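The structure appears right after this line, and notes come after that.
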Ligand code: FES
Ligand code: FES
């Protein structure tokens with residue numbers, strides 16, 4: 001007989017969330033030492049209580065209270081009204097949550113909010129801020145690189161990060177560069193064209 | 001009564017144009033709000049505690065500790081003591097709390113005692129199913145034994161296509177606010193007009209109390225029609241919490257475990273054919289599961305329904321697994337795969353080109369001419385003549401290339417739909433309908449139809465959908481939406497225009513039936529100078545506006561809509577016979593679907609369907625674990641979908657011509673999602689010279705089809 005779902009019947013794979021929660025208490029000594037070293041380096045041990053942090057989102061400092069176990073994605077979505085990034089797999093597989101952190105394309109579901117403190121976080125919302133529209137946005141529209149659209153913001157951000165690094169991509173490079181995102185409706189044909197079109201526009 | 005019929009193909013200005021979708025920028029800028037994006041003040045987050053056991057009785061459940069935990073506002077038990085749980089993932093309890101982590105903590109603190117019972121979760125070997133198997137009874141047509149005697153060759157094959165899940169990127173769920181008498185319901189649904197009534201029934205409240213609103217949905221594919229028990233419990237949690245808004249969406253593992261699957265299909269098929277490929281007899285023994293309630297029966301033989309001499313035996317198998325839901329073209333992809341694989345196998349045995357064998361047998365389909373035309377066209381698109389070779393007779397070396405065919409059919413008649421069109425005195429137009437845009441472009445198509453009908457630009461037309469206070473429109477399933485909404489909006493707009501023409505006819509001095517509205521003007525037919533501008537015409541309304549409704553009744557299509565289409569897809573693959581990896585080179589789709597309102601959006605749907613077929617043919621499979629009874633791959637790293645690199649090139653051709661166009665509007669979502677699996681599986685057989693009996697055609701299956709016996713000997 002089982003009285004506790006998670007303890008008596010552990011899921012076959014360790015989920016990221018479970019790992020993060022357990023990291024301080026039950027993982028091996030090495031991990032524990034690293035954890036402590038990091039905590040000491042940071043000056044204090046965080047949590048488990050909620051704490052006030054400031055995140056720099058699209059250039060603006062935003063104050064928010066989070067538990068140390070909260071992901072950047074959940075913080076953006078649940079607490080900061082940035083719902084462009086979507087939560088789909090919640091463990092770094094699908095790319096629906098893609099944001100750019102310190103100029104690096106990142107999965108917001110695999111980063112803790114507390115770890116994003118002091119970093120430059122860019123979300124899909126920045127691409128149409130201040131009355132300016134990044135060319136990748138209309139390129140997705142023109143090439144119908146969307147159906148239900150749930151994967152689209154993640155794709156758009158991945159495409160932006162890709163084009164920042166590869167301003168002159170070939171068709172083959174586009175296919176490689178966006179391999180970190182999944183779409184269920186099957187919009188890849190449009191996405192490939194959209195990225196090439198945006199690359200052209202950005203150069204012009 | 002206004003004249004509803006579609007304007008001549010050549011004279012259309014908006015319908016048939018390759019326009020980008022109206023909500024495209026909203027979606028690609030992240031501004032589109034799905035119901036899972038709604039985060040109002042005071043929102044509570046709810047989570048589901050689900051069963052870890054595939055078959056068990058809940059002996060006791062204790063929520064006392066959970067209820068005392070920080071932030072918890074409501075705990076609801078679904079599986080009370082005594083409940084028999086029939087699949088892992090089944091709903092046990094819900095918790096709503098101020099934050100999601102708090103809700104998860106509390107769900108973990110619920111103590112459930114289960115009496116674990118034996119489970120049965122894998123249907124691949126029917127002999128093990130015991131009393132879980134329910135035979136549907138034999139169906140016989142013609143003289144099957146004689147049919148096999150008349151055959152020059154017979155083939156016997158075993159084929160399997162597994163359970164797959166919908167894997168909608170936006171999980172099932174909703175946000176609900178139950179304040180006093182009113183329930184504000186924000187679901188993720190394919191059924192805006194109907195889902196409120198569904199929830200009302202489960203809550204036992206009047207349907208009039210439920211207000212449904214949804215602007216966007218992140219995927220449905222047939223899995224999102226009902227309000228579900230999570231809808232009911234979400235409402236109850238809001239009530240418990242004094243009317244606070246509560247959101248509850250399944251997590252990914254739950255989405256892939258309990259939110260719907262496509263039934264599997266296993267079949268032993270014996271086929272007989274004359275030397276020229278003409279089929280003489282069919283015999284199949286098949287079984288399937290869609291979960292605890294069994295599985296649907298694929299229509300076999302698919303498309304070639306009128307062939308003589310058939311014997312069918314089907315068995316539905318009940319397993320301890322999450323239930324089936326409609327999955328884009330229910331039962332058709334399975335039937336297409338089983339039939340086309342058997343057909344291709346007999347073509348190989350006869351040493352015939354499968355195009356020849358398919359063509360020989362289209363006489364047994366309801367639309368021989370369509371398929372012949374499409375086979376020819378698709379063959380050109382995929383360069384069949386150059387790239388095809390008899391099965392297994394391609395180039396030497398480890399990389400083997402092959403081509404294959406898949407066939408499809410579907411109805412696609414428009415559903416019942418009502419539309420309200422309003423012309424305002426400033427010339428703007430509003431159209432209201434309780435429909436939904438699944439990403440197929442419903443909004444855009446409504447706008448195109450109304451713009452065409454009234455002769456005003458699309459930016460004058462505001463389309464309001466996604467709310468059950470608008471006139472009811474059918475659920476989006478079975479490719480019924482485009483027919484339903486284009487007919488109802490055409491009629492509503494035509495009726496509204498008719499009223500406006502009443503107003504301006506005296507000034508233009510002709511009866512209203514001699515007037516025409518085009519390019520923002522209303523003028524006398526054949527005398528375009530005798531005109532009044534749209535704006536001036538609408539100004540005559542003064543303080544009033546025109547309101548008119550239009551209705552589509554599927555029983556009276558009235559020439560606007562139709563049903564019954566065919567499609568052919570072909571695949572070109574390369575298989576590495578050392579690693580077993582199948583690479584897509586190209587896929588082509590030729591699809592007829594009557595009058596096409598927006599070819600750009602239609603092509604997107606077909607592209608997407610081809611990609612879904614690639615997923616199902618090469619990657620997707622729900623894997624059950626015999627030991628734990630659980631889904632082993634309820635996540636997105638092991639429940640595999642194709643990525644942007646995996647799909648090769650895709651070429652789509654919509655058959656747009658006068659003849660098809662005259663049939664009226666027909667649905668497209670399902671038919672294009674049928675033939676791809678068969679095409680790819682057949683291409684692999686053609687490449688490597690042997691049939692890989694099960695899809696998805698994964699590297700291990702390719703290798704065991706090629707070297708199975710040898711590998712067993714080596715082991
Ligand atoms: S939600 Fe972050 S990668 Fe899928
Ligand atoms: S557009 Fe629907 S998941 Fe990509």
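The numbers here are math on the coordinates, done by the rules we state, and not lab data. Small disclaimer: the values here were computed from a predicted structure and weren't measured. Don't worry about glycine lacking a Cβ; one is built from the backbone with ideal geometry, like all the others, and counts go over all protein chains shown.
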For this session: Quick one: check the C-alpha center-to-center distance for segment B:377-405 versus segment B:178-218, whole angstrom.
Result: 52 Å
Exercise. Taking the convex hull of the alpha carbon atoms in segment B:586-715, what volume per residue do you get, in Å³?
Worked result: 146 Å³
For this session: Nearest 5 is fine: what % of DSSP beta bridges in segment B:151-259 come out antiparallel, could you say?
Result: 75 percent
Seminar exercise, completed: Looks like chain B, by Cα gyration tensor root eigenvalues a ≥ b ≥ c and the a/c under 1.5 rounded cutoff (else prolate when a/b is bigger than b/c, oblate otherwise), is oblate
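At a threshold of 8 angstrom on Cα-Cα distance, excluding pairs fewer than six apart, so keeping six or more, what relative contact order does segment A:54-203 reach in percent?
25 percent
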For this session: From the C-alpha gyration tensor of segment B:1-143, pull out the three semi-axes of the equivalent ellipsoid (sqrt of 5λ each), sorted largest to smallest, in whole Å.
Result: 45, 35, 13
Seminar exercise, completed: From the Cα centre of segment B:38-96 to that of segment A:71-149, the distance in Å is 31 Å
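Take peptide A:175-185, look around each residue's Cβ out to 10 angstrom, count Cβ atoms belonging to other protein chains, and average those counts.
6
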Exercise. Among B:57-64, B:603-610, how do they line up from the highest to the lowest mean number of other beta-carbon atoms within 10 Å?
Worked result: B:603-610, B:57-64
Problem set entry | Gain in span if fully extended, residue B:525 to residue B:637, counting 0.36 nm per residue against the direct Cα distance | 34.1 nm
Exercise. Of the beta bridges DSSP finds with both residues in the protein assembly as shown, what % are antiparallel, to the nearest 5?
Worked result: 80 percent
For this session: Quickly rank A:101-114, B:367-380 as a protection proxy: mean count of other C-beta atoms within 10 Å, highest first.
Result: A:101-114, B:367-380
Exercise. Roughly what would the spin-label model give for residue B:140 and residue B:368, points 7 Å off Cα along C-beta, in nm?
Worked result: 2.8 nm
Seminar exercise, completed: Checking rank on B:244-252, B:590-598, A:196-204, B:692-700, with mean other Cβ inside 10 Å and highest first, the result is B:590-598, B:244-252, B:692-700, A:196-204
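Quantify how strongly other chains surround peptide B:612-620 by giving the mean number of their Cβ atoms within 10 Å of each of its Cβ atoms.
Neighbouring Cβ atoms belonging to other protein chains average 1 per residue here.
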Problem set entry | Mean ellipticity per residue at 222 nm, deg cm²/dmol - from DSSP H runs of n ≥ 4 across chain B, formula -39500 (n - 2.57) | -8500 deg cm²/dmol
Problem set entry | For segment A:54-203, alpha-carbon Rg relative to the globular expectation (2.2 N^0.38 Å, N residues) | 1.00
Problem set entry | Average beta carbon contacts from partner chains per residue of B:634-643, 10 Å cutoff | 6
For this session: Determine the shape class of segment B:196-282: with a ≥ b ≥ c the square roots of the Cα gyration tensor eigenvalues, call it rounded for a/c under 1.5, and otherwise prolate if a/b is greater than b/c, oblate otherwise.
Result: prolate
Exercise. So how far apart, in nm, are the two label points at residue B:84 and residue B:690 if each is 7 Å from Cα heading toward Cβ?
Worked result: 4.3 nm
For this session: Please report how far the C-alpha centroid of segment B:430-498 lies from that of segment B:230-244, rounded to the nearest whole angstrom.
Result: 33 Å
For this session: Using Cα pairs closer than 8 Å and at least 6 residues apart in sequence, work out the relative contact order for chain B, in percent.
Result: 16 percent
Exercise. Put a dot 7 Å past each Cα toward the Cβ at residue B:387 and residue A:173; how far apart are the dots in nm?
Worked result: 2.7 nm
For this session: Pull up the DSSP beta bridges for segment A:54-203 and report the antiparallel fraction as a percent, rounded to 5.
Result: 85 percent
Exercise. Remind me, relative contact order of segment B:30-144 in percent, using alpha carbon pairs under 8 angstrom and six or more residues apart?
Worked result: 32 percent
Problem set entry | For the protein assembly as shown, projected area of the alpha-carbon convex hull averaged over all directions, nm² | 41.7 nm²
